[in-house]
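The values are calculated or read from the model by the stated rules, or taken from the named source; none is laboratory data. Keep in mind the model is a prediction, meaning the values are calculated, not measured. All Cβ positions, glycine included, derive from the backbone under ideal geometry; neighbour counts span all protein chains shown.
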Amino acid sequence: MSRGTPKKNRNEHWMTINRDMVTRNYWMHWDLDKCVGCQIGPLVCPKEALTHIPAVLENGHIVQRASVDVDENKCVNCGMCVAACPTHAIELTVNGKAEIPVIEYKAFPELDAKTIFRKEKFDFSLKDFVIENCPTNVISYDESRDTMRVRFEDCIHCRQCEVASKGAFEVRQPWVGSVNLYREKCLPGCFACADICPTRALHINDAGELVLADYYCIKCGACMQVCPVKPEYEEETYQFESQGLMLTRSRKKITNEEALPVVVQRWRINHSEVSSASWIEALRKLSDDKAKSVEIDRKRALRRADLIEALRGGIVEKVQLKRDIRE
């Protein structure tokens with residue numbers, strides 16, 4: 001195999017692509033167990049190198065997860081999919097060091113997402129409850145320092161720690177938008193969206209019903225991709241100016257939103273300042289035209305009983321949190 005020719009390996013859990021150039025060695029790794037098949041990667045890829053692999057459903061549940069495949073001969077190792085992936089399922093190293101070239105060269109922004117722990121506000125009797133409710137297992141207790149630790153590079157900013165800790169954790173999500181569930185439009189007995197949701201925003205409650213805890217949604221849209229009632233699209237063109245040039249691009253627009261059981265919209269994104277054509281094009285493909293200015297009311301969310309009910313386990317802790325609401 002000649003230098004510069006990409007080499008791809010894949011199994012059911014991971015996929016790697018290695019491209020060894022004269023001065024730069026690119027290595028990309030996809031954790032397919034983290035991947036939720038959200039379609040964000042294929043949407044932002046400027047070379048259309050990524051393709052969506054749909055999930056396989058049986059009796060309303062997922063028997064084979066949705067995933068993604070990569071045409072290694074089209075991939076240029078730009079790192080857009082790495083920067084945009086909501087579940088941190090993709091890693092890219094250049095010469096053995098983590099690097100995202102489109103961010104390094106200011107062609108793509110760093111997304112403004114934060115998870116902050118305020119020790120002085122935390123009731124440490126809730127530490128196990130908070131740890132149990134982190135879907136990505138990135139929160140731990142540091143006994144030597146008597147504090148909580150967050151592995152920030154893997155945090156997906158789902159906000160469950162906020163509610164479980166009564167606000168001692170503060171989370172800023174990158175995407176601002178909405179999610180709506182219309183259960184009357186669901187196919188009978190289908191719970192595929194709850195199976196794939198990485199944050200338990202969509203989950204099955206104790207009564208066996210599909211419910212939505214909207215505050216935990218990270219706007220990945222994996223639920224829409226796995227739902228048997230599929231979005232239908234049409235191509236539309238749009239224009240934008242970049243560096244004095246007027247560019248014309250196309251994107252897919254949903255045409256059957258009123259028929260969908262679950263609808264995720266991305267209105268805008270919090271990010272560092274970047275004005276490159278590649279970022280503007282990616283943003284237009286990812287976001288909806290509605291661009292509303294609705295802000296999440298964090299204080300109100302911390303006191304919502306449905307969000308507390310959506311948390312895992314911890315009956316005593318849930319009762320106490322609900323008692324705090326009444327008081």
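Here are a few things to note about the model shown:
- Tally, over the range 204-220, of residues that are surrounded by fewer than 21 Cβ atoms within 10 Å (Cβ to Cβ) and at negative phi: 8
- The requirement of being farther than 22 Å from residue 85 by Cα, more than 23 Å from the chain's Cα centre (by Cα) and modelled with pLDDT under 85 is satisfied by residue 241.
- Here residue 292 does not qualify as at pLDDT below 85, at negative phi and not in a loop (DSSP other than H, G, I, E, B).
- Residue match in the range 269-284 (condition: modelled with pLDDT of 90 or more and under 28 Å from residue 157 (Cα atoms)): no
- Complete set of residues in the range 108-127 that are acidic (Asp, Glu) and touching a residue at least 60 places away in the same chain (Cβ under 8 Å): 110, 112
- Filter pass, residue 265 being polar (S, T, N, Q), crowded, with 17+ Cβ neighbours inside 10 Å and not in a strand (DSSP E or B): no
- Flag for residue 97 being of a type in the set (Lys, Arg) and without any contact (Cβ under 8 Å) to a residue 24 or more places away in the chain: yes
- Counting only strands (runs of 3 or more DSSP E) that sit completely within the range 127-242, those holding 1 or more residues that are acidic (Asp, Glu) correspond to 139-142, 169-172, 233-242.
- The set of residues in the range 47-65 that are crowded, with 19+ Cβ neighbours inside 10 Å and without any contact (Cβ under 8 Å) to a residue 40 or more places away in the chain comprises 49, 50.
- Among residues of the range 4-39, those that are part of a loop (DSSP other than H, G, I, E, B) and in contact with a Lys or Arg (Cβ under 9 Å, 6 or more places away or on another chain), counted: 10
- Looking across the range 304-327 at every residue that is part of a loop (DSSP other than H, G, I, E, B) and crowded, with 17+ Cβ neighbours inside 10 Å, the one that is modelled with the lowest pLDDT is identified as 314.
- Residues satisfying the stated conditions in the range 15-31, i.e. under 30 Å from residue 200 (Cα atoms) and either surrounded by fewer than 20 Cβ atoms within 10 Å (Cβ to Cβ) or of a type in the set (S, T, N, Q) (or both): 16, 29, 31
- Output for the range 120-136, where each listed residue is more than 17 Å from residue 315 (Cβ to Cβ) and in contact with a helix residue (DSSP H, G or I) (Cβ under 9 Å, 6 or more places away or on another chain): 122, 134, 135, 136
- Listed by first and then second residue, the pairs linking a residue in the range 31-46 that is of a type in the set (S, T, N, Q) to a residue that is crowded, with 24+ Cβ neighbours inside 10 Å and assigned to a loop (DSSP other than H, G, I, E, B), with Cβ atoms under 8 Å apart and 6 or more places separating them unless they lie on different chains, are 39/221.
- Matching residues, the range 268-288, being in a strand (DSSP E or B) and without any contact (Cβ under 8 Å) to a residue 40 or more places away in the chain: none
- Verdict on residue 247 being of a type outside the set (Lys, Arg) and modelled with pLDDT under 95: yes
- Comparison of 44, 82, 68 shows that the only residue that is of a type outside the set (Asp, Glu), surrounded by 15 or more Cβ atoms within 10 Å (Cβ to Cβ), at pLDDT below 95 and in contact with a Leu (Cβ under 6 Å, 6 or more places away or on another chain) is 68.
- Across the range 164-195, the number of residues qualifying as closer than 17 Å to residue 127 by Cβ and out of contact with any strand residue (DSSP E or B) (no Cβ under 9 Å at 6 or more places or on another chain) comes to 3.
- Residue selected from the range 101-126 under the condition under 18 Å from the mean Cα position of the chain (by Cα) and assigned to a loop (DSSP other than H, G, I, E, B), by the criterion nearest to residue 151 (Cα to Cα): 113
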